[in-house]
Every structure is written in structure tokens, then in C-alpha cells.
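Student: If you scroll down you'll find the structure; I have some questions about it.
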Amino acid sequence: MVMHRREFLGYAASALTIALPGHDSRSNAPSAVTVLDLKEHCSLRESLAGYERASAGVVPRRPMLIVPAAMTLPAAVTSEIAACLGGGGTVLLESGAGFAGEWGLRVHRDMLRRLQVHVAAARCKSRDVPYIDYAWPYRTKIRDFSRVVPLAEPQPGEVIAWVDRLPVASKRRIGTGTLIYLGSPVGPSLWAGDVEARRWLHAVAHAA
Amino acid sequence: MRKSIGDNMIPKDWGFERGLDLVKHAGFDGIELWLGDMPWFQTATTDPAVRELRRKIENAGLVVSNVSTGLHWATPLSARDPSVRAQAARIVERQIETAVLLGTDAILVVAGLVTEEVPYNEVYQRCVDALKPLGDKAARAGVKIGCENCNSEQRFLLSPREFAQFLNDINSPAVGLHLDVGNIHDTGFAEQWIEIHGPRITRIHLKDVLKHRGRSGDQSVYTNLFLGDNNWPAIRAAMTKVGYDGWLIAEMEARYRYAPDQQFYDTSQAMDRLIAGRL
């Protein structure tokens, strides 16, 4: 089930602060996937289109909020993320800063720091093999997206993917929710019809 | 059919006006202008300056056959970076604008590059998505976008049926094929491309190709008409079969070490024989 932003806001209106450990505001409503359109804060429209297409018909184990190709997060979106996490849901936050200028990357880094996702100062590029190695929810390879925004170490939570041994994606419990960060966008692969990327997204929806 | 040749064939030290005289004296009817290739026709060239180019071309007794560009090799519509894609689309828009100013109804676009980094499925989808709105713009301007088959160099749309599917997916009457009969190399036969695409062909580039005779024998080499391996009688027959009566545009590499202008005369005469079917 794909919900649009307005529906999601109604769904999660009761939780408007960052989730606290032990705070569980899950509702009894059926779980849904919400793909957030960040408008000008989304750097890759094809990523948004990819998630919209690939998540159609997916019923996740818990409410799932996907934020494709994010450059920055407006305050209202941060609240939505908090609401989802507070409700025990999963937030999949995809970096859209791979092709940003230096200033854009700095703003992006600051935004992620507020969510306790620490990324490296410089972007990287996979050297010979253009695939990201995922270890969760199962071991697989998904196409990289040229420039990756890797994680800095140490990192709270669990690293779930690497490129050339550099960590590029993480998963972290926040209260009862789960925040997943992707430093290399998967949305464009979904949009281009990549079967493995689609399978991975479905597995995340069922595992998180 | 009418004969044209690219302005990028004009010897570098000749200048535009002298080049136009050469094109006319060699027997061509028109000239293909390459946006971004030559100093007189850049993306920053203003509308009045483009109109001045047209005046000079018409004063020389020529017309513009089409507007081409090689800029998409470095700035492809299929780039992953959205800012590069936006730039690529702007180049196509400028081609459309200048085509109108120059009095022609066709442009050439190299649509998409498959690389190790940017995979085929992404390139395909991005090009389709980009060319739909550009096709609308072209249609409104009365211009046709001819996507060129640069088979081996692009590693994209390698067969004529695949190219036809691509055009079907774009689904715009203003987007067709700018066929280069020398670009097919070992991936097929030009006459079959002509037969399959027929009315969707916007323009035809002519050159010949020596298959597998390049460095170490593993590369094909472009050459002048009738010196290579293209089956010219079959190509001519296919043109007749599909009723192609449009522009033939010479696009060879400058191969003459001395007397570079001689290549214009030789090419023009070869094109006359092709058109006449004296092969």
C-alpha cells in the first residue's frame, strides 16, 4: 500500500518528536509504505519515481517511510521521520548528495548529523566493480550510483553495506523504530527496473 | 535527394566564408552546422549572430540541411548527475531554436551513452524520459529530432529493431532516426536499418567503413565513400524502396594529408553517383 504525505501525516499525527527509547505509539492500522516527495530537496526525481513504482503493493511489517534522494530535510519532514520512528516504524533515508557541490554536501552532512548519522567528509567512487555489497536483510549486490556518500567510523548502529570496504549504509534502532541510511541511492536502480534492487526493497519492508 | 556536408569538415585555417565557397563549388546543396564544434557556431552564439550565419550561407547559394552537435558525448542526456542532464537538454533546446533560425527542420542528437559506470537500463529510461518533452518542444517548433545510431561508440541501441522499440517508447512524431550508414560496423547492415525505419529517418549521414582493418586488425576505420565495406548498391536500393528522398550528408573523417579541399570534390562526385545509382 502506498500512502501519500497527507494520509501519512494523519496516520502518524500523534508523534511529533524524536522517538524516545521505550516510547511506542504504533497504531493498529495496517502497515503502509509512504514515499515522501521532498520536492526541491530531492535531488533525483528518478529515485522518487523508482520507490513509488517498486513499493506499490508492498505491505511492510511495520509502517515504512521512504525519503528518496534527500539533500536536506525541512522541519516538517524531520517531524514525520520522528513520528514514524516513534510509532515503531522504519525510515529509509537515502542520500541524494552524491552529485552535490561542496556547500550542498556540507549542509547534507549537518542534516544527517542531527539524525546521528555521521558521514565522511569526502564522497567516494567504487573502483572496479560498480556494486554495493549489502549484508542485510540478506547478502546481495546492487548497482552503485557513481558517487557514494560513505559513513564515517565509528557509527552508531549496524553497518549493512559496503563499497570497496567502505561502509555506505547503516541500520539503527531509535526507540521502537528503525532508521536506515543509504549512502548510495537505490531508487534509480528501482526506476530502471533492476530486479535485485526491487527484491532487496521488499525484503527490507518485511525484515525491518 | 540533396547533398550536404558538415562545417566541421572545413579545413581549420580556412574560415567560414571561404569554407562555404568550397562547399558550393564542390557541388553541395547545403551545409550541416555542428553546434559547439566550430568557432562560428557555439551554444553562446547569439540569435542575431545565428541569423548572420544563415545570411552568409544563403549568400553562398546554400541552405542549412540540419543542426548537429557532438556536445552530447561529454554532456549526455543519460548522465546520472541531474545538472549534466539539464545541460544536455538545454543543448537540444538550443539546437531546436537555432534550427528554426537557420531555416531547417532537423537536428541530430546522440542520445545516451552506455558506460561501465552508467548501465544500459538507466541510459534507456533516461533517454526516453528526456526525449518525450524535447519531442514536444521540437514538434511545436516544426523540427524533427534525429537520434543518431552511433552503435559501437554509444554501446546503445545496437540493432534496428531495438532502435525502433526505443522510438516507439518515446512515441513522438517529432523524434526519429538520423541514420549513419558508416556507424553500423559489424553489428548489422545499413540497408536493413533503412528498410526497417523508412519514414522515421530524418537525415542520412554518409561515410564508408573498413571493417576490422584498424590497429591490430581489431578496429573498423572510417573512410571515403566506396573505399570501404558498405554495400552501396544495396543501400541505394533500400533508399528507393522506402522512398527516402531527403538530405544525404557527408560525414567522413578528414583523411587527406594534402589538398584537404579535394576531399570535398571527391565526396560530392561520389554522392552524385550514389544518387544516380551508377554503382
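The values are calculated or read from the model by the stated rules, or taken from the named source; none is laboratory data. Just so it is clear, the model here is predicted, and its values are computed rather than measured. Cβ coordinates were reconstructed from backbone atoms using ideal geometry, including for glycine residues, and neighbour counts include every protein chain displayed. Side chains included, ligands, DNA and RNA excluded: accessible areas come from the protein's heavy atoms. Shrake-Rupley method; radii C 1.70, N 1.55, O 1.52, S 1.80 Å.
Student: With a cap of 11 neighbouring Cβ atoms within 10 Å, and only residues DSSP puts in a loop, list the chymotrypsin sites (Phe, Trp or Tyr not before Pro) found in the stretch B:208-274.
Tutor: Details: sites: B:TYR222, B:PHE226, B:TYR244, B:TRP247, B:TYR256, B:TYR258, B:PHE264, B:TYR265; in loops: B:PHE226, B:TYR244, B:TYR256, B:TYR258.
Listed in order of number, the matching sites are B:TYR258.
Student: Using modelled amide H (1.01 Å from N, peptide plane; none on Pro or chain starts), what sits under 5 Å from the amide H of B:VAL175, excluding residues fewer than 5 places away?
Tutor: Counting only residues 5 or more places away or on other chains, the set is B:ILE145.
Student: Is chain B rounded, prolate or oblate when judged by the Cα gyration tensor, a ≥ b ≥ c being the square roots of its eigenvalues, rounded requiring a/c under 1.5 and prolate requiring a/b larger than b/c? Intermediate values should be presented prior to the final figure.
Tutor: On the way: a/c = 1.44, a/b = 1.09, b/c = 1.32.
Rounded.
Student: What ³J(HN,Hα) values, in whole Hz, does the Karplus curve 6.51 cos²θ - 1.76 cosθ + 1.60 give for the stretch B:3-13 when θ = phi - 60°, with x put for Gly and Pro?
Tutor: Result, rounded to whole Hz: 9, 9, 8, x, 5, 6, 8, 5, x, 3, 8.
Student: Let me ask something else about it. What pairs in A:LYS141/A:LYS171; B:LYS56/B:LYS207; B:LYS3/B:LYS132; B:LYS24/B:LYS241 have C-alpha atoms more than 21 Å from each other?
Tutor: Working: A:LYS141/A:LYS171 17 Å; B:LYS56/B:LYS207 27 Å; B:LYS3/B:LYS132 30 Å; B:LYS24/B:LYS241 30 Å.
In this structure, B:LYS56/B:LYS207; B:LYS3/B:LYS132; B:LYS24/B:LYS241 exceed 21 Å between Cα atoms.
Student: For A:ALA152, which sequence-distant residues (separation of 5 or more, or a different chain) have an amide H within less than 5 Å of its own amide H, given hydrogens modelled in the peptide plane?
Tutor: Distant-sequence amide H within range of A:ALA152: A:HIS118, A:VAL119, A:ALA120.
Student: Roughly how much accessible area, to the nearest 100 Å², goes out of reach of solvent when B and A pair up, both sides summed, probe 1.4 Å?
Tutor: Values: alone 12130 and 9420 Å², together 20430 Å².
Buried area (both sides, nearest 100 Å²): 1100 Å².
Student: Count neighbours as other Cβ atoms within 10 Å of each site's Cβ, and list the trypsin sites (Lys or Arg not before Pro) in the stretch A:122-208 that are DSSP loop with at most 16 such neighbours.
Tutor: On the way: sites: A:ARG123, A:LYS125, A:ARG127, A:ARG139, A:LYS141, A:ARG143, A:ARG147, A:ARG165, A:LYS171, A:ARG172, A:ARG173, A:ARG198, A:ARG199; in loops: A:ARG123, A:ARG127, A:ARG139, A:ARG165.
Here the sparse-neighbourhood loop sites are A:ARG127, A:ARG139, A:ARG165.
Student: Projected onto the charge dipole of the protein assembly as shown (+1 at Lys/Arg Cβ, -1 at Asp/Glu Cβ, origin at the Cα centre), which of A:PRO130, B:GLY198, A:ILE81 gives the Cα projection farthest towards the positive end?
Tutor: It is A:ILE81, whose Cα lies furthest towards the positive end.
Student: For the stretch A:5-207, what does the equivalent ellipsoid look like in terms of its semi-axes, each the square root of 5 times an eigenvalue of the Cα gyration tensor, given largest first in whole Å?
Tutor: Values: eigenvalues 119, 68, 52 Å².
The equivalent ellipsoid of the stretch A:5-207 has semi-axes of 24, 18, 16 Å.
Student: Then there is this: Which semi-axes, in whole Å and largest first, does the equivalent ellipsoid of the stretch A:50-131 have when worked out from the alpha carbon gyration tensor as the square roots of 5 times its eigenvalues? Mind showing how you got there, number by number?
Tutor: Details: eigenvalues 120, 67, 24 Å².
Square roots of five times the eigenvalues give 24, 18, 11 Å.
Student: If you take every DSSP beta bridge fully contained in chain B, what fraction is antiparallel? Give it as a percent rounded to 5.
Tutor: If we restrict to bridges inside chain B, about 10 percent are antiparallel.
Student: Looking at the stretch A:36-51, which residues lose a minimum of 40 Å² of accessible area between their chain alone and all protein chains in place, measuring with a 1.4 Å probe and not counting ligands or nucleic acids?
Tutor: Relative to the lone chain, where solvent access is computed with a 1.4 Å probe, the stretch A:36-51 loses at least 40 Å² at A:GLU46.
Student: Binning at 10 angstrom from zero up to the longest distance, how are the C-alpha pair distances of the protein assembly as shown distributed in percent?
Tutor: So the P(r) values, bin by bin, are 4, 18, 24, 19, 14, 12, 7, 2, 0.
Student: Same structure, new question: So if I place +1 on the C-beta of Lys and Arg and -1 on the C-beta of Asp and Glu, and nothing else carries charge, what would the dipole magnitude of the stretch B:63-134 be about its Cα centre? I want it in debye, nearest 20. Intermediate values should be presented prior to the final figure.
Tutor: Working: 6 positive and 8 negative charges, 23 e Å.
The calculation lands at about 100 debye.
Student: May I ask you to rank A:PHE99, A:PHE145 by accessible area, largest first, using a 1.4 Å probe over the protein chains only? Present the calculation step by step, with values, prior to reporting the outcome.
Tutor: Numbers: A:PHE99 45, A:PHE145 5 Å².
Order by accessible area, largest first: A:PHE99, A:PHE145.
Student: Taking a quarter of the surface of the convex hull around the Cα atoms of the stretch B:86-133, what do you get in nm²?
Tutor: Numbers: hull surface 14.5 nm².
With every direction weighted equally, the projected area is 3.6 nm².
Student: Can you order the peptides B:36-46, B:17-27 by their average number of other Cβ atoms within 10 Å per residue, highest first? Before the final figure, lay out each step's value.
Tutor: Numbers: B:36-46: 14.7, B:17-27: 18.3.
Packing proxy ranking, top to bottom: B:17-27, B:36-46.
Student: Run through the stretch B:43-133 and list the trypsin sites (Lys or Arg not before Pro) located in a DSSP loop whose Cβ has at most 16 other Cβ atoms within 10 Å.
Tutor: Working: sites: B:ARG51, B:ARG54, B:ARG55, B:LYS56, B:ARG80, B:ARG85, B:ARG90, B:ARG94, B:ARG126; in loops: B:ARG80.
In loop regions of the stretch B:43-133 (DSSP not H, G, I, E or B), there are no sparsely surrounded trypsin sites (Lys or Arg not before Pro).
Student: Using protein chains only and a probe of 1.4 angstrom, how many square angstrom of A:ASP128 are accessible, to the nearest 10?
Tutor: Answer for A:ASP128: close to 140 Å² accessible.
Student: On to the next question. Taking every pair of Cα atoms in the stretch B:107-241, average 1/r, invert it to obtain the Kirkwood radius, and report Rg/Rh to two decimals.
Tutor: Details: Rg = 15.2 Å, Rh = 15.4 Å.
Result: Rg/Rh = 0.98.
Student: For B:LEU134, what charge total do you get from the other residues with a beta carbon under 13 Å from its beta carbon, if Lys and Arg give +1 and Asp and Glu give -1? Present the calculation step by step, with values, prior to reporting the outcome.
Tutor: Numbers: positive: B:ARG85, B:ARG90, B:ARG94, B:ARG126, B:LYS132, B:LYS137, B:ARG140, B:LYS144; negative: B:GLU93, B:GLU97, B:ASP129, B:ASP136.
Net of charged neighbours comes to +4.
Student: Can you give the average number of partner chain beta-carbon atoms within 10 Å of each beta-carbon in peptide B:115-126, as a whole number? Numbers along the way, then the final one.
Tutor: Values: counts 2, 3, 8, 6, 6, 1, 7, 9, 1, 2, 7, 4.
Mean shielding count: 5.
Student: Sticking with this structure for a sec: Averaged per residue, what accessible surface does the protein assembly as shown expose to a 1.4 Å probe, in Å²?
Tutor: Details: 20430 Å² over 487 residues.
Normalised by residue count, the accessible surface of the protein assembly as shown is 42 Å².
Student: For the stretch B:144-154, in order, what is each residue's ³J(HN,Hα) by Karplus, 6.51 cos²θ - 1.76 cosθ + 1.60 with θ = phi - 60°, in whole Hz (x at glycine and Pro)?
Tutor: Using θ = phi - 60°, the values come out as 10, 8, x, 7, 7, 8, 10, 2, 6, 5, 7 Hz.
Student: Based solely on its DSSP helices, what 222 nm [θ] is calculated for the protein assembly as shown when runs of n ≥ 4 H residues each add -39,500 (n - 2.57) and the sum is averaged over all residues, nearest 500 deg cm²/dmol? If you can, show how the numbers build up before the last one.
Tutor: Values: 14 runs with 172 residues, N = 487.
So the calculated ellipticity at 222 nm is -11000 deg cm²/dmol.
Student: So, one more: Near B:ASP272, within a Cβ-to-Cβ distance under 14 Å, what is the net charge of the other residues, with Lys and Arg +1 and Asp and Glu -1? Could you put the intermediate results ahead of the total?
Tutor: On the way: positive: B:ARG2, B:LYS3, B:ARG236, B:ARG273, B:ARG278; negative: B:ASP29, B:ASP266.
Overall, the nearby charge balance is +3.
Student: How large a share of the accessible area of chain B, in percent, is made up of carbon and sulfur atoms when the probe is 1.4 Å and the other protein chains stay in place?
Tutor: On the way: 5680 of 11580 Å².
The computed percentage sits at 49.
Student: Non-local amide H neighbours of A:GLY177 (under 5 Å, H modeled in plane, Pro and chain starts lacking H): which ones?
Tutor: A:GLY88
Student: For the stretch A:5-207, with all protein chains present and a 1.4 Å probe, just round the carbon and sulfur fraction of the accessible area to a whole percent. Walk me through the numbers before you get to the answer.
Tutor: Values: 4640 of 8580 Å².
So the carbon and sulfur contribution to the accessible surface is 54 percent.
Student: How large is the charge dipole for the stretch B:152-205, taken about the Cα centre, if only the Cβ atoms of Lys, Arg (+1) and Asp, Glu (-1) carry charge, to the nearest 20 debye?
Tutor: Numbers: 4 positive and 7 negative charges, 32 e Å.
The calculation lands at about 160 debye.
Student: Related question: With +1 on each Lys and Arg Cβ and -1 on each Asp and Glu Cβ, and nothing else charged, work out how big the dipole of the stretch B:1-73 is about its Cα centre, in Debye to the nearest 20.
Tutor: Values: 9 positive and 10 negative charges, 30 e Å.
About 140 debye.
Student: Which is farthest toward the positive dipole end of the protein assembly as shown among A:PRO156, A:ALA192, B:PRO233, measuring Cα position about the Cα centre, with Cβ charges +1 (Lys, Arg) and -1 (Asp, Glu)?
Tutor: Of the options given, the answer is A:PRO156.
Student: I'd like the projected area of the stretch B:194-269, averaged over all directions, using the convex hull of its alpha carbons. Report it in nm² with one decimal. Can you show the working numbers first?
Tutor: Details: hull surface 23.7 nm².
For the stretch B:194-269, the mean projected area of the Cα convex hull comes to 5.9 nm².
Student: Also, quick follow-up: At 20 °C and 1.002 mPa s, what whole-number value in µm²/s does Stokes-Einstein give for the translational diffusion of the stretch A:94-201, with Rh from the Kirkwood sum over Cα pairs? Could you put the intermediate results ahead of the total?
Tutor: Details: Rh = 14.0 Å.
Approximately 154 µm²/s, per Stokes-Einstein.
Student: Among B:THR75, B:PHE28, B:MET38, whose Cα projects farthest towards the positive end of the dipole of the protein assembly as shown, with charges put on the beta-carbon of Lys, Arg (+1) and Asp, Glu (-1)?
Tutor: B:THR75
Student: What are the ³J(HN,Hα) couplings of the stretch B:14-28, residue after residue, when phi is run through the Karplus curve with 6.51, -1.76, 1.60 and θ = phi - 60°? Round to Hz, x for glycine and proline.
Tutor: Coupling constants for the stretch B:14-28: 8, x, 5, 5, 5, x, 4, 4, 4, 4, 5, 5, 6, x, 7 Hz.
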